[in-house]
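**Student:** Let me begin by handing over the structure; questions about it come next.
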Amino acid sequence: MAEEPKAPPARDKADTPVPAAAATSASTPAAATNDARLAGRTTTAAARPAARKKPVSDDDTSPLMGRRGWMGLAWGAFTAASAGCLAATGRFMFPNVLNEPPLQFPVGFPEEYGDGVDERFKDRQGVWIIRTTSDYTHEVPGFYALISVCTHLGCTPNWLSAENKFKCPCHGSGFRPTGINFEGPAPRPLERARIVLQEDGQILVDKSRKFQEELGQWTDPEAFLAT
């Protein structure tokens, strides 16, 4: 007896393949709904717009100093140069006034002096006042004023009372109390200044007028004050 043909097994609806177009059409409305709901709310790094970076200038990337530093340095240099120019202009417009000692000055009364060299006015006025019992030229007692400038190169000699002479510390020139040179390179004697007696009885020294022995000027009446 012939067997009856078996019917094919029934397939479950879940196992039935769904066409791709159908699946896509089925999921599209839901996906669209989700995208619309999440629009503007996404917080992922990929969704955030990239932050704009400030353009960096080449002047701001100097390894030593930025642009602002160089500008400050330039303005500082300009200010210093301007101040220097103004100072130089002021110096030119207002020159220094040298407060030199007067060339004429009283040195006291004759009775205030003893015999020999008096150094009271050497540092302040640049002269020695000498009282002698017999002058080198006039051969009478009185006063003369020696200018304390070496006739070699202009140094200031020192009075050495123990050796009774003026000695220049620069090159060793020596002068006697009269002012006559006798040792060292000094070519001529010390110079004398004008010396007279004022109306009030004080001795007046005037350095604006000088007398040189080698020119025979020590014989002038105002080169020596007789007493």
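FYI, it's all coordinate maths here, none of it is from the lab. Predicted model, so just to flag it, every value in this text is computed and none were measured. For neighbour counting, all protein chains shown are included, and Cβ atoms are generated from backbone atoms with ideal geometry for every residue, glycine included.
**Student:** When a footprinting reagent is the concern and you count Cβ atoms within 10 Å, what order do S148, S134 take, fewest first?
**Tutor:** Numbers: S148 21, S134 9.
Ranking S148, S134 by Cβ neighbours within 10 Å, fewest first, gives S134, S148.
**Student:** I'm checking a number: the convex hull volume of the Cα atoms of the stretch 117-171, normalised per residue, in Å³. What is it?
**Tutor:** Output value, Cα hull per residue: 92 Å³.
**Student:** While we're here: Taking the Cβ of each residue in E111, E213 as the centre, tally the other Cβ atoms inside 10 Å and list the residues starting with the fewest. Could you put the intermediate results ahead of the total?
**Tutor:** Details: E111 8, E213 20.
Ranked by crowding around the Cβ, least crowded first: E111, E213.
**Student:** Taking each pair of different alpha-carbon atoms in the stretch 140-188 once, compute 1/r for the pair, average those values, and report the inverse of that mean as the Kirkwood hydrodynamic radius in Å to one decimal. Display every interim value, and only then the final one.
**Tutor:** Details: mean 1/r = 0.0915 Å⁻¹.
Evaluated on the stretch 140-188, it is 10.9 Å.
**Student:** Right, next: At 7 Å along the Cα-to-beta-carbon direction for both T227 and T133, put a label point, then send me their distance in nm to one decimal.
**Tutor:** With each label placed 7 Å out from Cα toward Cβ, I get 1.4 nm.
**Student:** Right, next: Please sort 68-80, 112-124 by packing, taking for each peptide the average over its residues of neighbouring beta carbons within 10 angstrom, highest first.
**Tutor:** Highest-to-lowest ranking by the protection proxy: 112-124, 68-80.
**Student:** Can you sort V149, V196, V107, V127 by how many other beta carbons sit within 10 Å, fewest first? Working shown, then result.
**Tutor:** Values: V149 17, V196 13, V107 20, V127 24.
The order, fewest Cβ neighbours first, is V196, V149, V107, V127.
**Student:** Ok, one more. Please compute the Kirkwood hydrodynamic radius of the stretch 73-227 from all pairs of different C-alpha atoms, in Å with one decimal.
**Tutor:** Details: mean 1/r = 0.0566 Å⁻¹.
It works out to 17.7 Å.
**Student:** Any chance you could run the full-extension gain for T156 through M71? It's 0.36 nm times the residue separation minus the Cα-Cα distance, nm to one decimal.
**Tutor:** Values: separation 85, 0.36 × 85 = 30.60 nm, distance 5.56 nm.
Extending this stretch completely gives an extra 25.0 nm.
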